[in-house]
Amino acid sequence: MKILITGGTNGMGKGVAKALASIDNQSHEVIILCRSKELGDKVKADFKNTTLNEKVSLIICDLTKLRDVENAINEIQSKHTFLDGLFINAGLGYAAERIETEDGMDSHFQVNYLSHFMLTLNLLSLLEKSQSGGRVIFNVTEGGEIFWDDMQMINKWGYEDGIHQAMVAKRMFLVKLHDLYKNKHNSKIAFIGFQIPKTVWSNQINIIPAYMRMMATLMKLFGRFITIEECGEMMAPMFTENQEESLKKSGKFITLKDNEFVEIKEDMQILNKQSQEKLWGISLNLCADEKTSQISKSLFSLEQDDE
């Protein structure tokens, strides 16, 4: 399997990347999309030593910059003729203040959702060429809302609200993608939302305030956290299972319970088609990218044909 992972140098992404590089006689090819070449090279060297997998590569991309996303898309398409999996994972967590990107957006909204919207749409053609059945796994959590009148959170900002808004947007996006593809002839792509059942102990611990670190350390002692390696072991089967099993999960929001994948009942706001299409339209306008708009138009024409 050839799998692209965003945010593969830390946290959940690193855990999944390491697990995939390790299993099945090091047969899987792992592509890590990350912002820092220095950190990416370090992780790549570490994986080479610990997993013995030579098929780990990097794509350097700063998700706070749509021009970087466009360049990354072009690089991926020039280097690869297909993808079997895509892990939509990279995201900003704690932040002391609102940071606006060069594209004029709240950094949490752009990194955690919008740049992934653009990336995913442009990589669908590579996923369609998978012989194993393409799958897009979204790192998402429950709760949250879309702040329709202030999506860039200029008037009222909070990092937790920013994270949760992006989670809602990603869940709407994956459900809409599933609906657009489900009636497509010979569709082989699954779109799955996954919530990790426990918090992953990651580098976030180094940037949160001292009082939060103290609370997290206490929670860790009581078993509320898991390692990135444990996270990778939990999630790896979603990327390597057969096409039939993957398609059964498509369009669903799932988690792991008692070593089995179980469905989480989705909120009605996520399933609202008018809200999905409203968000999609706003996202296209913010991307302001002709290729992304053309891909969107072709997807919606398939939906109209099915009707």
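The values are calculated or read from the model by the stated rules, or taken from the named source; none is laboratory data. Since this is a predicted model, take the numbers as computed values, not measurements. Note that we place each Cβ from the backbone using ideal geometry, even for glycine, and neighbour counts take in every protein chain shown. Only protein heavy atoms, including side chains, enter the accessible area calculation; ligands, DNA and RNA are left aside. Shrake-Rupley method; radii C 1.70, N 1.55, O 1.52, S 1.80 Å.
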>> If a paramagnetic tag sat 7 Å from the Cα of residue 264 along the Cα-Cβ line, which residues of the range 225-240 would have the backbone N under 17 Å from that point?
In response: 225-226, 231-232, 234-236, 238
> To the nearest 0.05, how large is the calculated FRET efficiency for residue 128 and residue 24 if R₀ is 25 Å and r is the Cβ-Cβ distance?
Replying inline: 0.60
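Roughly how many percent of the accessible protein surface of the chain is carbon and sulfur, given a 1.4 Å probe and a whole-percent answer? Before the final figure, lay out the partial values.
On the way: 7150 of 14530 Å².
The nonpolar share, carbon plus sulfur, comes to 49 percent.
Translational D (Stokes-Einstein, µm²/s) of the range 36-127 at 10 °C and 1.306 mPa s when Rh comes from the Kirkwood sum over C-alpha pairs?
Details: Rh = 14.7 Å.
D = 108 µm²/s.
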> If you stretched the chain out fully between residue 215 and residue 55, how much longer would it get, using 0.36 nm times the residue separation minus the C-alpha to C-alpha distance?
Replying inline: 53.7 nm
> What list of ³J(HN,Hα) values in whole Hz, one per residue of the range 26-34 in order, does the Karplus curve 6.51 cos²θ - 1.76 cosθ + 1.60 (θ = phi - 60°) give from phi, with Gly and Pro shown as x?
Replying inline: 6, 8, 7, 9, 10, 10, 9, 9, 8
> Using the Cβ atoms and a cut-off under 10 Å, what net charge is assigned to the surroundings of residue 3, where Lys and Arg are +1 and Asp and Glu are -1?
Replying inline: 0
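Tell me, what is the FRET efficiency for residue 155 and residue 301 to the nearest 0.05, using R0 = 30 angstrom and their Cβ-Cβ distance as r? Could you put the intermediate results ahead of the total?
Details: r = 37 Å, r/R0 = 1.24.
Efficiency for this residue pair is about 0.20.
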> Which value in nm describes the separation of the simple spin-label points at residue 46 and residue 98, placed 7 Å from the Cα toward the beta carbon?
Replying inline: 3.4
>> I'd like the distance between the alpha-carbon centres of the range 86-111 and the range 3-75, rounded to an integer number of Å.
In response: 19
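Using a 10 Å cut-off on Cβ atoms, rank the peptides 290-301, 50-61, 230-241 from the highest mean neighbour count down. Intermediate values should be presented prior to the final figure.
Details: 290-301: 14.2, 50-61: 16.9, 230-241: 20.2.
Put in order of decreasing packing, that is 230-241, 50-61, 290-301.
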> 222 nm [θ] for the chain, helices only, -39500 (n - 2.57) per DSSP H run of 4+, per residue, to 500?
Replying inline: -15000 deg cm²/dmol
> Projected area of the chain, taken from the Cα convex hull and averaged over every viewing direction, in nm²?
Replying inline: 15.7
> the range 242-303: D in µm²/s via Stokes-Einstein (Kirkwood Rh, Cα pairs, 37 °C, 0.692 mPa s)?
Replying inline: 229
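Which net charge results for the neighbourhood of residue 59, defined as the other residues with beta-carbon distances under 9 angstrom from its beta-carbon, given Lys and Arg at +1 and Asp and Glu at -1? Mind dumping the intermediate values first?
On the way: positive: 79; negative: 75.
Around residue 59, the surrounding residues sum to 0.
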> Which parts of the range 12-45 would a label at residue 227 reach, counting a residue when its backbone N lies under 19 Å from a point 7 Å out along Cα-to-Cβ?
Replying inline: 12-24, 43-45
> In nanometres, what is the gap between the two model label sites at residue 272 and residue 37, each 7 Å from Cα along Cα-to-Cβ?
Replying inline: 4.6
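Based on the mean of other beta carbon atoms within 10 Å per residue, what is the order of 15-21, 137-143, most packed first?
Working: 15-21: 27.9, 137-143: 20.4.
Ranked by mean Cβ neighbours within 10 Å, highest first: 15-21, 137-143.
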